[in-house]
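No value in this document is a laboratory result; all are computed from the given coordinates. These numbers were taken from a predicted model, which means no experiment stands behind them. Note: ideal-geometry Cβ built from the backbone for every residue, glycine included; neighbour counts use all protein chains shown.
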Amino acid sequence: MGNTDRYFGKPTSKGAEEILLTQIKQEFTTPADAISDYIELIEKNINESNLNVEDELEQIKTGCIKLIAQYEEAFKENTGLNATHENKTPEEYSELRHNLRTPLNAIIGYSEILIEDLEEDLSEQSLADLQAIISLSREIEKAIEKFVDYIRGALNDQSEGEVNDQLESAEALFKSLGNIDYTFELNEHVQNSDILIVDDNKTNCEVLERRLTAQGLICRKAFDGKSAIKEVNKKIPDLILLDVILPDINGLELLKTFRSDHQSDSLPVIMVSAFNDVDSIAKCIQLGAQDYLPKPLNGTILLAKVVSCLERKFFREREKELVNELHIRATTDQLTGIYNRRVVFEALEKSYAEVQKGERNNFSVIMLDIDHFKKVNDTYGHAGGDEVLKVMSSTLNQIISEPNILGRIGGEEFLAVILDDQLGDMNTFCDKLRNAIKGNTVKFEGNSIKITSSGGVANTDESQNASDLVNKADERLYEAKKLGRDKFILSKSSNQGG
């Protein structure tokens, strides 16, 4: 005789009785639900092969429906506040066991008949599915025995030990909670999505995998938390179906582990559990799950939620791409790929204001352009001119690196805001720029185009505001042109080049 005190009205901790009953019920509902799924899969395969086995399949299906209904009724009658198990006689317990076994025997019997009579006609997959139904039925036999023994307070030592282990595992889970016929047509953008199924029950994994792969999705499986972590590290899936109860790490702790490394937008998770209560669902969502699926799983709801989750992920990623693309278009020059006029002038205004507030040291700007650029356009056309602008931009960008800011402000004109205090002597820097540009040869349609550049430099310590700073640099650029080009003028008394 088991220790009935801990099961009837004297739970060892808050919710212990509910946890225990959930575990016992799940041992029945998990294989029963899997049988329903296998029946559906077998029907689909057999309908495609035109075999006349509707009557046998109907008997199996009817037996499964009766079995689940009778178990639900017995469970409701013998558990909870209105339980009547204490008033039952031994004969009534035997009758309960018999009533539950009767539809189960029908399931086993008709499955065996189909295997024996149609072994050569059925596909290997359908035969394997029928064998799986028989195997699952044997599990249900044990679950029925355990349920009846439980309600009459007669769990054997082995069963009681298993229950105690399950109770401890479930109580740890609750502690974590306290602390922490429909056809889908997948859109092209979610087809071949990678889904990781995490469940210690291999039957559950197989049924889920077959349902999802039938819709064009790709599935991987992990039977414990550590394996799931390895799979995610190997390749981040598009979606995880995560069972709450696992043998090593409970699902909530595993969810927290995933969320510490991945945002929900990049790694969505749907939790799966027999604990179908508001607190459990709320906690899962709070910890970062995208959705929650109660057991037993309904195939239609499963697919609906999986597809919805994958589509949300796709559209969020697409939105990020569009925002990034719009940002690039708004901030860069479309021809050269460097910053555009708006960005470089905004940076200049901001940096100048920081100098005035004493938050930044004085800095310089360089205004420069390509010498004789009109002649390049006249000789080689605008396509040739565009190629010269690209090469010029690339050359400047290699030398004028962050935190300095380079932008094309119009035509062949460029403006550089030199913010790097460690850059060194400006004469030397400008000479480096001028020589790099002069040393380039632009290849265009078999032609070699040589270019030079002129520039003007001004510093914040000689200007009144940002506009004045740019005007001084522009004046010195104009002066460099008058002096023969291929020069950089830093002040009225000095120049670099030529």
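Overall form of the stretch 188-323: rounded. Here a/c, set by the Cα gyration tensor axes a ≥ b ≥ c, is under 1.5.
Amide H contacts of Leu186 (H built 1.01 Å from N, in plane; Pro and chain starts excluded): no residue 5 or more places away or on another chain comes under 5 Å. Once backbone amide H atoms are built at 1.01 Å from N, Val269 has Ile240, Gln290, Asp291 as its partners under 5 Å, excluding neighbours fewer than 5 places away on the same chain.
When Ser467, Ser401 are sorted by how many other C-beta atoms sit within 10 angstrom of their C-beta, beginning with the fewest, the order is Ser401, Ser467. What separates the Cα centres of the stretch 97-154 and the stretch 36-64 is a distance of 15 Å. Rounded to the nearest 500, the helix-only mean residue ellipticity at 222 nm of the chain stands at -20000 deg cm²/dmol, with each DSSP H run of n ≥ 4 adding -39,500 (n - 2.57). Computed from backbone phi, the HN-Hα couplings of the stretch 32-40 come to 5, 5, 5, 4, 4, 5, 5, 4, 4 Hz, rounded to whole numbers (Karplus: 6.51 cos²θ - 1.76 cosθ + 1.60, θ = phi - 60°; Gly and Pro given as x). The distance between label points at Glu18 and Lys432 comes to 6.9 nm (points 7 Å beyond Cα on the Cα→Cβ vector).
If you take the square roots of the eigenvalues of the alpha-carbon gyration tensor of the chain and sort them as a ≥ b ≥ c, do you get rounded (a/c under 1.5), prolate (a/b over b/c) or oblate?
Details: a/c = 5.20, a/b = 2.70, b/c = 1.92.
It is prolate, given that a/c is not under 1.5 and a/b is the larger ratio.
Between the stretch 187-230 and the stretch 415-465, the alpha-carbon centres lie 57 Å apart. For the stretch 111-122, 3J(HN,Hα) computed residue by residue from phi via the Karplus equation (6.51, -1.76, 1.60; θ = phi - 60°) reads 5, 5, 4, 4, 5, 5, 7, 10, 4, 7, 9, 6 Hz, glycine and proline entered as x. Which shape class applies to the stretch 359-498: rounded if a/c is under 1.5, otherwise prolate when a/b exceeds b/c and oblate if not, where a ≥ b ≥ c are the square roots of the Cα gyration tensor eigenvalues? Since a/c reaches 1.5 and a/b is larger than b/c, the shape of the stretch 359-498 is classed as prolate.
What is the distance in Å between the Cα centroid of the stretch 339-368 and that of the stretch 248-308? Spelled out, the Cα-based centre of one part sits 49 Å from the other.
Please find the FRET efficiency linking Leu326 to Lys44, where r is the Cβ-Cβ separation and R0 is fixed at 45 Å, and quote it to the nearest 0.05. Present the calculation step by step, with values, prior to reporting the outcome.
Numbers: r = 46 Å, r/R0 = 1.02.
In this case the efficiency is close to 0.45.
In sequence order, the stretch 260-267 has phi-based couplings of 5, 10, 9, 6, 4, 5, 8, 9 Hz under the Karplus curve 6.51 cos²θ - 1.76 cosθ + 1.60, θ = phi - 60°, and Gly or Pro positions carry x. For the stretch 341-497, averaging the sequence separation of C-alpha pairs within contact (under 8 Å, six or more residues apart) and dividing by the residue count gives a relative contact order of 27 percent. Exposure proxy shown here: for Glu77, Glu321, the number of other Cβ atoms within 10 Å sets the order, fewest to most, as Glu321, Glu77.
At a 10 angstrom cut-off on C-beta neighbours, averaged per residue, how do the peptides 207-218, 346-357 rank from highest to lowest? List each step's numbers first, then the result.
Numbers: 207-218: 17.8, 346-357: 15.4.
Descending packing order for the listed peptides: 207-218, 346-357.
The H on the amide N of Phe363, modeled in the peptide plane, is under 5 Å from the matching H of Thr460, Asp461, each at least 5 residues off or on a different chain. Listed from fewest to most Cβ neighbours within 10 Å, the set Ile418, Ile449, Ile133 follows the order Ile449, Ile418, Ile133.
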